[in-house]
Amino acid sequence: MIKFIDANCMIGNRMAPREGSPVTTGDFLEIMDRVGIEQAICYHSVGVENSCLLGIPELEKTVKGYEDRLMKQWVVQPNIWDEFMTPHMLLAEMKKHNVKTVRFFPFSKQYSMAPYSAGSMIDALSECNVPIFVNYAEMQGAANIYDLCKNYPKAKFVICDPGYRTVRFLAPIFESCDNIYLDSSNFIIHNAVARFCQYVGAERMLFGSGMPNASAAAATSLIRYADISDEEKQLIASGNIVRLLEEVAL
Amino acid sequence: MMQRALEGLPLDDIFIFDIHGHIEQSRVIHTAEYDAKGIIAKLDRMGVNAIALSSNPALQSDPWLGNDLTVQAAKENPGRIYAYVVPNPYYEDFDVTKYFDGTPGVIGIKMHACEQMTALNNPAYIPALEFANKNKLPILFHTWEPFEVEQAVAIGKTYKDAPVIIGHSGFTSFASKQIAIEACKSTENIFVDTAISSTYDGAIEWIVGQVGVDRVLFGTDLPFYDCSHNVGKLALSKLSDSDKIKIFGENAKKLLKDII
């Protein structure tokens, strides 16, 4: 059986849960058990919908008691006018709380990922090999993703929730930049996983469920049924994220 | 069923009929292996018996070229590919009825008004709708926005002899869903499908709870969605196996009993 580690999961109470979708930590764990996901890297809804700082303690509370299955990911932002944390403080707090990945929301939170804005934060994170997650839509266009990869060649970026209309935009970036990875959630077009492996390589894709806004049942099936080797499936399902996490040096 | 899905095995021990697919390349979305051969290979991989589809060229461009391609695929792959013919409201001389000349596998009408830059209540669609109603042919609607669902429902309530399928089940907004659900509850001929755009765990269970399992049909929107996405979503859902079997194919078999 394939071992799945979910690299894209949002937990916590959110403003508008969709009808029938998971809400409680128990809901998420039930789905993970049912569809065969061992662990998930989770960020907190409050960190996205409201405040990065408020999201951090909420995440701690939400995963408490389930740390063996739910790994923490912090939603972060540039420290504009001391609104968040200095890069040095962030790294120290991440080490203290055993957090190995972060996620930015530049569009929702209205800031730039360019070096003049997020540069010190991203440089500090990349010095420690911390994988940086950002949703495709949050980057407001593939050209900005290209710039992100080129501006920060030492950083490792995971582009999440690519959706089904992005291949023609993203494929050339994967050819030009070796510091970018793709989350498999919502990468749903016909044979897309197999074609990604053929043209880019399985080592550049991370399994993600996209829960609660996407389906973990569907996401795991995309990998299980893909016409790729068992070794490629295992790399995508968990091997790649395990490798990235092992490389983190806080 | 769940165990087979967890092992990535084809669900070939049940009847699966996909009522919502497409063939050929799309203008806006990267597509590959989009011909009949590529589609049937995917059906085999998943254990899907057959698919009913319309062609992207018929939806996006030349209605003669596009519909000819769809019908050709159905002719060449009997029992595996079924064709929806797409009416076009801009050409008075384009006649959908000519495709229903006894050619096996041509089963119904697909309507995608927003792709054709018009509305479902365009009067130019009426001849195709009347033909479908007279011959009890299924009409599959692309619907996302509330006004699209409203217009599809209005057609379903007018042409009561035609099975009407609200494609995507109105899952793009609360209002769209509510209109689709209310229509299923208040009519005999309106159905929803599982090609739920922006789906999530719990969505299928929720819609079944709203409209009843007999009103839900299995659809993938292939090749925009990989077939495994929708097969897995249903097979690994919390529904009972008997409900899953109905949705996967038994409902479609009953609905299309004189056609497939």
Some residue of the range B:67-77 being in a helix (DSSP H, G or I) and within 12 Å of chain A (Cβ to nearest Cβ): no
Single residue of the range B:168-186 satisfying the filter (of a type in the set (G, A, S) and open to solvent by less than 10 Å² (accessible area, probe 1.4 Å)) that is farthest from the other protein chains (Cβ to nearest Cβ): B:A183
Checklist (1) open to solvent by less than 10 Å² (accessible area, probe 1.4 Å); (2) at the interface with chain A (Cβ under 8 Å from one of its Cβ atoms); (3) not in a helix (DSSP H, G or I) applied to B:I165, failing item: (2)
Search result, residues across the range A:2-20 that are surrounded by fewer than 21 Cβ atoms within 10 Å (Cβ to Cβ) and either in contact (Cβ under 8 Å) with a residue 60 or more places away in the chain or within 17 Å of the chain's Cα centre (by Cα) (or both): A:I2, A:K3, A:R14, A:P17, A:R18
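Residue check: is A:M89 touching a helix residue (DSSP H, G or I) at 6+ places or on another chain (Cβ under 8 Å) and at pLDDT 95 or above? Can you show your working first?
On the way: touching a helix residue (DSSP H, G or I) at 6+ places or on another chain (Cβ under 8 Å): no; at pLDDT 95 or above: yes.
Considered against the rule, which asks whether it is touching a helix residue (DSSP H, G or I) at 6+ places or on another chain (Cβ under 8 Å) and at pLDDT 95 or above, A:M89 comes out as no.
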Qualifying positions in the range A:3-26 - facing chain B (nearest Cβ under 8 Å) and out of contact with any Gly (no Cβ under 6 Å at 6 or more places or on another chain): A:R18, A:E19, A:P22
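So which of B:S198, B:S237 ends up being among the polar types (S, T, N, Q), facing chain A (nearest Cβ under 8 Å) and at positive phi?
On the way: B:S237 fails: at positive phi.
Just one listed residue meets the conditions, B:S198.
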The range A:27-55, residues that are open to solvent by 40 Å² or more (accessible area, probe 1.4 Å), over 22 Å from A:L206 (Cβ atoms), away from chain B (no Cβ under 12 Å) and out of contact with any Gly (no Cβ under 8 Å at 6 or more places or on another chain): A:E49, A:N50, A:L53
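Take the range B:1-37 and flag every residue that is of a type in the set (A, V, I, L, M, F, W, C), over 17 Å from B:L69 (Cβ atoms) and modelled with pLDDT of 95 or more.
Taking the range B:1-37 and keeping what is of a type in the set (A, V, I, L, M, F, W, C), we get B:1-2, B:5-6, B:9, B:11, B:14-17, B:19, B:23, B:28-29, B:32, B:36.
Next cut, over 17 Å from B:L69 (Cβ atoms) only: B:1-2, B:5-6, B:9, B:11, B:14-17, B:19, B:28-29.
The answer is B:M1, B:M2, B:A5, B:L6, B:L9, B:L11, B:I14, B:F15, B:I16, B:F17, B:I19.
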Residue match in the range A:22-44 (condition: more than 25 Å from A:N240 (Cα to Cα), in contact (Cβ under 8 Å) with a residue 40 or more places away in the chain and in contact with a Pro (Cβ under 6 Å, 6 or more places away or on another chain)): yes
Inter-residue pairs, beta-carbon under 7 Å, first of a type in the set (V, I, T) and in the range B:212-233, second assigned to a helix (DSSP H, G or I) and open to solvent by less than 10 Å² (accessible area, probe 1.4 Å), 6+ apart: B:V213/B:I247; B:V216/B:I207; B:V216/B:I247; B:T220/B:C227; B:T220/B:N230; B:V231/A:S221; B:V231/B:M46
Considering residues of the range A:127-142 that are open to solvent by less than 70 Å² (accessible area, probe 1.4 Å) and more than 15 Å from the chain's Cα centre (by Cα) only, the residue nearest to A:S176 (Cα to Cα): A:A142
Residue list for the range A:160-210, restricted to those being away from chain B (no Cβ under 13 Å), open to solvent by 10 Å² or more (accessible area, probe 1.4 Å) and among the charged types (D, E, K, R): A:E175, A:D178, A:E203, A:R204
Test result for A:G119, within 14 Å of chain B (Cβ to nearest Cβ) and either open to solvent by less than 50 Å² (accessible area, probe 1.4 Å) or not in a helix (DSSP H, G or I) (or both): no
Any hit, the range B:45-53, residues being within 24 Å of B:L255 (Cα to Cα), away from chain A (no Cβ under 11 Å) and not hydrophobic (A, V, I, L, M, F, W, C): yes
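Matching residues to (1) in contact with a strand residue (DSSP E or B) (Cβ under 7 Å, 6 or more places away or on another chain); (2) within 11 Å of chain A (Cβ to nearest Cβ):
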position: B:M2; (1), (2): no, yes
position: B:L9; (1), (2): no, yes
position: B:H30; (1), (2): no, yes
position: B:Y34; (1), (2): yes, yes
position: B:G38; (1), (2): no, yes
position: B:L43; (1), (2): yes, no
position: B:L59; (1), (2): no, no
position: B:A83; (1), (2): yes, no
Conditions (1) without any contact (Cβ under 8 Å) to a residue 40 or more places away in the chain; (2) open to solvent by less than 10 Å² (accessible area, probe 1.4 Å); (3) closer than 23 Å to A:I188 by Cα; (4) within 18 Å of the chain's Cα centre (by Cα); number of the one not met by B:A52: (1)
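Take the range B:78-99 and flag every residue that is within 20 Å of B:N122 (Cα to Cα) and in a helix (DSSP H, G or I). Don't jump to the end; show me each part of the working.
Of the residues in the range B:78-99, the ones within 20 Å of B:N122 (Cα to Cα) are B:84-97.
Hits for the range B:78-99 are B:V96, B:T97.
Which of the residues belonging to the range B:213-249 are of a type in the set (A, V, I, L, M) and open to solvent by less than 10 Å² (accessible area, probe 1.4 Å)?
To start, the set of residues in the range B:213-249 that are of a type in the set (A, V, I, L, M) comprises B:213, B:216-217, B:222, B:231, B:234-236, B:239, B:245, B:247.
Selection gives B:V216, B:L217, B:L222, B:V231, B:L234, B:A235, B:L236, B:I247.
This table checks each residue for (1) open to solvent by 30 Å² or more (accessible area, probe 1.4 Å); (2) at pLDDT below 95; (3) more than 14 Å from B:H22 (Cα to Cα); (4) of a type in the set (D, E).
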| position | (1), (2), (3), (4) |
| --- | --- |
| B:D68 | yes, no, no, yes |
| B:E76 | yes, no, yes, yes |
| B:N88 | no, no, yes, no |
| B:F94 | no, no, yes, no |
| B:G102 | yes, yes, yes, no |
| B:G105 | no, no, yes, no |
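So if I check each of A:K109, A:K72, which one is in a strand (DSSP E or B), of a type outside the set (V, I, T) and at pLDDT 95 or above? Break it down stepwise before answering.
Numbers: A:K109 fails: in a strand (DSSP E or B).
Just one listed residue meets the conditions, A:K72.
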Test: residue in the range B:112-132 that is in contact with a strand residue (DSSP E or B) (Cβ under 6 Å, 6 or more places away or on another chain), buried (at least 18 other Cβ atoms within 10 Å of the Cβ) and assigned to a helix (DSSP H, G or I): yes
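The values are calculated or read from the model by the stated rules, or taken from the named source; none is laboratory data. Worth saying up front: this structure is predicted, and the values here are computed from it rather than measured. Positions of Cβ are backbone-derived with ideal geometry, glycine not excepted, and every protein chain shown enters the neighbour counts. Note: areas computed on protein heavy atoms with side chains; ligands, DNA, RNA excluded. Shrake-Rupley method; radii C 1.70, N 1.55, O 1.52, S 1.80 Å.
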